[in-house]
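Here's the structure, in structure tokens; my notes come after.
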Number of protein chains: 2
Amino acid sequence: MIKPRLFRGFRDYPPEEMLFRERLIERVRQVFRRYGFVPLETPAIEYVDVLLGKYGSDGEKLIYRLAYKDGNTLALRYDLTVPLARFYAMNYTRLPLPFRRYQVEKVWRAEHAQMTRGRFREFYQCDVDVVGAPPPIPDAELISLISDALSDIGFNRFIIKVSHRKFLPEFLRYAGIEAPSELDVARVIDKLDKLGKERVILELEKLGLSARQIGKLFDILDISGEPDEVIERLLSLLGEDVSDICGEMRRFFGMVFSFGVPKGRLVFDLSLMRGLDYYTGIVFEAYLPDLPDVGSLAAGGRYDNLVGLFMNRSVPATGTTIGIDRILTAGRRLGIMLKDKNVAKVFFALFDKEFVDYVLSIVSRLRREGVPVELGGKLCSIKENIQTAEKKGYRYLLIAGGDEKRKGVVAVRDLKTREQKALTVSELVKWGKEICG
Amino acid sequence: MIKPRLFRGFRDYPPEEMLFRERLIERVRQVFRRYGFVPLETPAIEYVDVLLGKYGSDGEKLIYRLAYKDGNTLALRYDLTVPLARFYAMNYTRLPLPFRRYQVEKVWRAEHAQMTRGRFREFYQCDVDVVGAPPPIPDAELISLISDALSDIGFNRFIIKVSHRKFLPEFLRYAGIEAPSELDVARVIDKLDKLGKERVILELEKLGLSARQIGKLFDILDISGEPDEVIERLLSLLGEDVSDICGEMRRFFGMVFSFGVPKGRLVFDLSLMRGLDYYTGIVFEAYLPDLPDVGSLAAGGRYDNLVGLFMNRSVPATGTTIGIDRILTAGRRLGIMLKDKNVAKVFFALFDKEFVDYVLSIVSRLRREGVPVELGGKLCSIKENIQTAEKKGYRYLLIAGGDEKRKGVVAVRDLKTREQKALTVSELVKWGKEICG
């Protein structure tokens with residue numbers, strides 16, 4: 001006997017989760033399609049040097065290599081963005097710009113698994129990207145898409161934070177901060193939500209920043225309000241240096257609102273820091289104010305340098321990830337997504353071999369009419385059929401034996417109320433369609 | 001610059017294929033759901049000893065191992081049946097029998113890639129299995145499911161060959177064949193369709209079979225006709241030894257026809273040999289008589305010994321694979337599945353920054369009404385918008401500038417006929433819904 005087991009950090013998606021997940025992914029796909037995006041899939045296995053293009057040494061540790069030939073050639077994909085860039089570079093001559101694709105596939109990361117905190121080594125990414133269009137039209141479109149997707153799924157209250165990657169160097173210059181690196185400061189600022197201002201100030205001091213530098217930095221980070229007000233304040237503090245970025249942000253916000261995204265859903269948050277070595281323009285992140293611990297439900301931004309890794313020219317790009325797993329977690333906690341054990345709502349008993357034909361022909365009729373039915377797997381007593389149906393979580397048991405066949409009916413037993421009624425086959429089809437909604 | 005490239009045997013699924021594939025998979029899933037099957041997903045990465053359970057030394061060569069720790073621990077799944085058995089063994093206490101699941105995921109095999117012949121190292125498997133129910137009810141249900149799925153997809157003429165794994169030893173005994181192994185003889189018989197009888201006889205002679213043995217073997221293999229006639233002939237030739245199997249086959253065929261599968265779709269084919277070391281009962285295979293070279297579109301059978309590898313007791317099981325790739329190939333060749341380049345049917349031009357707001361609000365309205373729209377990625381001339389829309393394969397270009405905004409309309413240009421008409425926004429929504437079907 002082989003001991004059945006899974007490697008740490010990996011999990012099965014059992015039916016009660018998958019039913020849910022399939023519905024969610026299909027709903028998100030429908031939003032992608034409405035926005036005119038087209039699907040792409042790429043191989044799980046690629047050359048290591050292709051996959052590491054973006055991540056360099058960080059990726060080295062997190063990538064699952066294959067023991068193939070020299071053992072250094074192939075690995076499992078780490079995300080869906082690098083494969084998109086590689087795909088675009090290989091096919092650009094036949095892909096009219098902009099290339100707008102969605103991709104919903106699994107990725108693998110050899111991270112420290114924290115399964116209780118929902119951190120796994122294998123997980124879905126659900127990405128949508130626009131390659132080959134400058135800001136801010138596609139960026140604004142992605143915000144509208146995130147807003148539509150989260151509303152469609154059933155979330156009422158969510159916030160999309162927005163900022164621009166190119167602000168940070170200007171902020172640092174304004175505050176007179178040269179060393180330490182931009183990245184170190186950004187990492188600390190990124191913790192503002194989690195740690196609060198006081199602890200962030202302590203950490204900035206640890207990095208060697210003076211009180212005056214920190215003060216000036218917060219003159220900027222503390223700015224909040226309507227996008228237009230924030231832009232005015234930034235222009236008055238930083239002047240010329242940020243006028244291009246501010247112009248882009250102004251056009252961007254105008255478009256987001258023209259798309260009909262409610263004003264209350266957008267926050268211009270200057271402390272939003274995302275993947276500094278990667279993003280090059282507008283960045284964004286959606287979260288639920290009611291469940292801040294779930295983290296971002298969707299996040300992304302502009303990355304104009306990635307595709308160029310694989311081509312002799314630079315190609316602008318922007319995209320977002322929809323966090324399927326976090327959406328599922330949040331949806332369950334808010335009670336907007338309920339667990340189902342079955343697709344079918346009815347279980348058809350098999351108990352008398354004389355009338356198997358009668359049962360099978362009705363099961364077949366129901367299914368052809370679009371009513372899902374589970375048929376009992378073997379001939380057994382009515383009692384045993386009831387037990388199986390109950391264990392499987394079915395509310396209704398259908399029974400058809402000699403009496404029913406003579407009368408041309410089927411008995412429908414409600415396993416909850418224990419009531420039973422007889423329906424003709426056409427009545428049964430109608431009833432079946434009703435209970436399936 | 002990193003050279004963008006793929007490893008041999010791997011491929012991208014570009015949008016024009018994916019659009020198709022997504023529709024096909026969704027349609028097949030709907031059939032699975034109607035039959036009361038529930039979805040499961042399992043990790044791509046599992047322990048090597050778990051994955052090799054079924055395949056032993058054959059699998060050794062074909063499995064992609066990961067370079068992880070000692071390099072011998074983990075590998076990529078090779079199929080979806082072993083993971084199902086492993087999942088069942090780990091969860092059986094909470095899974096009421098029978099457990100009926102479908103799983104549509106990719107698998108990886110380090111085979112010799114023959115890409116021109118459609119043989120890849122990564123491909124989808126689309127499996128549906130019933131664990132924990134004896135023959136022949138679920139076996140018959142699977143035949144009905146295959147028949148419904150292929151009809152729903154649009155195939156009119158297909159044949160499902162059926163046989164039983166336990167016939168072969170009886171046939172060999174009847175023909176007085178002891179050595180060579182069952183497996184060797186089965187491999188030759190399996191080529192009957194491809195090579196024809198004469199060449200198969202030559203190959204059987206090479207295995208050392210006498211003319212008399214071969215003659216007696218063909219007394220059986222030549223039997224054909226209605227299931228009942230075949231069963232009668234078998235009973236008269238082989239007697240008692242096959243009476244149990246023949247009884248099972250008779251009940252099985254009765255049920256298949258009760259499910260409403262047309263008689264002409266079933267062939268009781270005694271030369272059908274499938275995975276001898278694996279199957280234990282009824283086996284089947286669906287193919288298109290008009291496209292025999294495509295191979296089987298669906299295939300499967302009963303395997304009562306697999307789940308037991310992971311448990312202390314034996315658990316009966318039966319299942320089928322739906323061959324998504326072959327169905328796509330066949331569907332295209334028969335013209336029942338057409339390629340689409342886009343989800344959306346309309347491309348909305350962006351050409352005048354004064355009226356971007358007007359355009360965005362209409363795009364948004366169309367999308368919310370369920371009409372997919374691709375929005376131009378940047379402001380550019382009408383001419384350039386037309387070129388982009390044409391390159392992308394769009395039939396209709398929508399235009400809205402100052403004139404249109406004043407009149408509250410949108411210009412719809414048919415890029416094929418070059419006709420243009422003006423529609424109010426509500427007329428546009430109605431028109432959009434119509435062209436999207």
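The values are calculated or read from the model by the stated rules, or taken from the named source; none is laboratory data. The structure presented is a predicted model; accordingly, all values stated were derived computationally and were not measured. Counting neighbours? That spans all protein chains shown, and the Cβs are built from the backbone with ideal geometry, glycine included.
Restricting attention to region B:145-158, does a residue exist that is among the hydrophobic types (A, V, I, L, M, F, W, C) and in a strand (DSSP E or B)?
No, region B:145-158 contains no residue that is among the hydrophobic types (A, V, I, L, M, F, W, C) and in a strand (DSSP E or B).
Taken over region A:12-52, the criterion of being among the basic types (Lys, Arg) and more than 7 Å from chain B (Cβ to nearest Cβ) is satisfied by A:Arg21, A:Arg23, A:Arg27, A:Arg29. Annotation for region A:175-182: no member residue is under 14 Å from A:Leu270 (Cα atoms), of a type outside the set (S, T, N, Q) and in contact (Cβ under 8 Å) with a residue 40 or more places away in the chain. Just one of the listed residues (A:Leu360, A:Leu334) is at the interface with another protein chain (Cβ under 7 Å from one of its Cβ atoms), on the phi < 0 side of the Ramachandran plot and hydrophobic (A, V, I, L, M, F, W, C), namely A:Leu360. Select from region A:83-124 the residues that are in contact with a strand residue (DSSP E or B) (Cβ under 8 Å, 6 or more places away or on another chain), modelled with pLDDT of 95 or more and aliphatic (A, V, I, L, M) and list them in ascending order. Scanning region A:83-124 gives A:Leu84, A:Ala85, A:Val104, A:Val107.
The residues of region A:400-435 that are part of a loop (DSSP other than H, G, I, E, B), touching an Asp or Glu at 6+ places or on another chain (Cβ under 8 Å) and within 22 Å of A:Asn342 (Cα to Cα) amount to a single one, A:Leu415.
Rundown of residues vs (1) of a type in the set (Phe, Trp, Tyr); (2) surrounded by 19 or more Cβ atoms within 10 Å (Cβ to Cβ); (3) assigned to a helix (DSSP H, G or I), yes/no style:
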site	(1), (2), (3)
A:Gly9	no, yes, no
A:Asp79	no, no, no
A:Phe87	yes, yes, yes
A:Tyr102	yes, yes, no
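Give the residue that is farthest from A:Gly132 (Cα to Cα), with candidates limited to residues of region B:366-390 that are surrounded by 22 or more Cβ atoms within 10 Å (Cβ to Cβ) and small (Gly, Ala, Ser). Filtering first and then ranking leaves B:Ala389. A:Val188 satisfies every condition listed in (1) of a type outside the set (Ser, Thr, Tyr); (2) buried (at least 20 other Cβ atoms within 10 Å of the Cβ); (3) touching a residue at least 24 places away in the same chain (Cβ under 8 Å); (4) not assigned by TED's automatic domain parsing to the domain that holds A:Gly323 except (3).
For every residue, the table says whether it meets (1) surrounded by fewer than 21 Cβ atoms within 10 Å (Cβ to Cβ); (2) touching a Ser or Thr at 6+ places or on another chain (Cβ under 6 Å); (3) farther than 24 Å from B:Phe155 by Cα.
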residue: B:Leu234; (1), (2), (3): no, no, yes
residue: B:Phe257; (1), (2), (3): yes, no, no
residue: B:Val261; (1), (2), (3): no, yes, no
residue: B:Tyr279; (1), (2), (3): no, no, yes
residue: B:Leu291; (1), (2), (3): yes, no, no
residue: B:Gly295; (1), (2), (3): yes, no, no
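Selection of first residues in region A:14-35 that are within 20 Å of B:Arg368 (Cβ to Cβ) and of second residues that are buried (at least 19 other Cβ atoms within 10 Å of the Cβ) and among the small types (Gly, Ala, Ser), restricted to Cβ pairs under 7 Å at least 6 apart or on distinct chains, gives the following pairs, ordered by first then second residue: A:Val28/A:Ala149; A:Val31/A:Ala149.
Of the candidates B:Ile201, B:Ile223, the single residue that is under 30 Å from B:Ser151 (Cα atoms) and buried (at least 17 other Cβ atoms within 10 Å of the Cβ) is B:Ile223.
Please work out if A:Leu397 is under 27 Å from A:Lys430 (Cα atoms), among the hydrophobic types (A, V, I, L, M, F, W, C), buried (at least 22 other Cβ atoms within 10 Å of the Cβ) and out of contact with any Asp or Glu (no Cβ under 6 Å at 6 or more places or on another chain). Considered against the rule, which asks whether it is under 27 Å from A:Lys430 (Cα atoms), among the hydrophobic types (A, V, I, L, M, F, W, C), buried (at least 22 other Cβ atoms within 10 Å of the Cβ) and out of contact with any Asp or Glu (no Cβ under 6 Å at 6 or more places or on another chain), A:Leu397 comes out as yes. Could you tell me whether any residue of region B:126-134 is assigned by TED's automatic domain parsing to the domain that holds B:Asp325, out of contact with any strand residue (DSSP E or B) (no Cβ under 6 Å at 6 or more places or on another chain), of a type in the set (A, V, I, L, M) and surrounded by 17 or more Cβ atoms within 10 Å (Cβ to Cβ)? Yes, some residue in region B:126-134 is assigned by TED's automatic domain parsing to the domain that holds B:Asp325, out of contact with any strand residue (DSSP E or B) (no Cβ under 6 Å at 6 or more places or on another chain), of a type in the set (A, V, I, L, M) and surrounded by 17 or more Cβ atoms within 10 Å (Cβ to Cβ).
For B:Met1, the conditions (1) touching a Phe, Trp or Tyr at 6+ places or on another chain (Cβ under 8 Å); (2) more than 7 Å from chain A (Cβ to nearest Cβ); (3) part of a loop (DSSP other than H, G, I, E, B) are fulfilled apart from (2).
Look at (1) under 23 Å from the mean Cα position of the chain (by Cα); (2) closer than 30 Å to B:Glu41 by Cβ and you find that B:Ser163 fails only one, number (2). For region B:240-281, a residue qualifies if it is hydroxyl-bearing (Ser, Thr, Tyr) and in contact with a strand residue (DSSP E or B) (Cβ under 7 Å, 6 or more places away or on another chain), and the qualifying residues are B:Tyr279, B:Thr280. Restricting A:Phe120, A:Phe158, A:Phe99 to those that are among the aromatic types (Phe, Trp, Tyr) and within 18 Å of A:Val256 (Cα to Cα) reduces the list to A:Phe158. Do the conditions hold for A:Val363, that is, is it crowded, with 17+ Cβ neighbours inside 10 Å, without any contact (Cβ under 8 Å) to a residue 24 or more places away in the chain and over 21 Å from B:Phe99 (Cβ atoms)? No.
Looking only at region A:85-129, which residues are among the hydrophobic types (A, V, I, L, M, F, W, C) and over 17 Å from the mean Cα position of the chain (by Cα)?
Of everything in region A:85-129, those that are among the hydrophobic types (A, V, I, L, M, F, W, C) and over 17 Å from the mean Cα position of the chain (by Cα) turn out to be A:Ala85, A:Phe87, A:Ala89, A:Met90, A:Leu95, A:Leu97, A:Phe99, A:Ala110, A:Ala113, A:Met115.
For the structure I just gave you, tell me whether A:Ala110 is in a loop (DSSP other than H, G, I, E, B) and touching a Leu at 6+ places or on another chain (Cβ under 6 Å). Yes.
Can you tell me which residues in region A:338-354 are over 18 Å from A:Ala389 (Cβ atoms) and either assigned by TED's automatic domain parsing to the domain that holds A:Tyr396 or in a helix (DSSP H, G or I) (or both)? A:Lys353, A:Glu354 - these are the residues of region A:338-354 that are over 18 Å from A:Ala389 (Cβ atoms) and either assigned by TED's automatic domain parsing to the domain that holds A:Tyr396 or in a helix (DSSP H, G or I) (or both). With the condition kept exactly as written, say whether any residue in region B:166-174 is within 23 Å of B:Gly308 (Cβ to Cβ) and part of a loop (DSSP other than H, G, I, E, B). For region B:166-174, residues within 23 Å of B:Gly308 (Cβ to Cβ) and part of a loop (DSSP other than H, G, I, E, B): present.
The set of residues in region B:364-378 that are more than 7 Å from chain A (Cβ to nearest Cβ) and either over 37 Å from the mean Cα position of the chain (by Cα) or polar (S, T, N, Q) (or both) contains only B:Arg365.
For B:Gly408, the requirement of being over 12 Å from B:Val425 (Cα atoms) and not hydrophobic (A, V, I, L, M, F, W, C) is not met. Of all residues being facing chain B (nearest Cβ under 7 Å) and modelled with pLDDT of 85 or more in region A:53-66, which is nearest to the chain's Cα centre (by Cα)? Just the residue, please. The extreme case among them is A:Tyr64.
Scanning region B:135-146 turns up one or more residues that are surrounded by 24 or more Cβ atoms within 10 Å (Cβ to Cβ) and of a type in the set (Asp, Glu).
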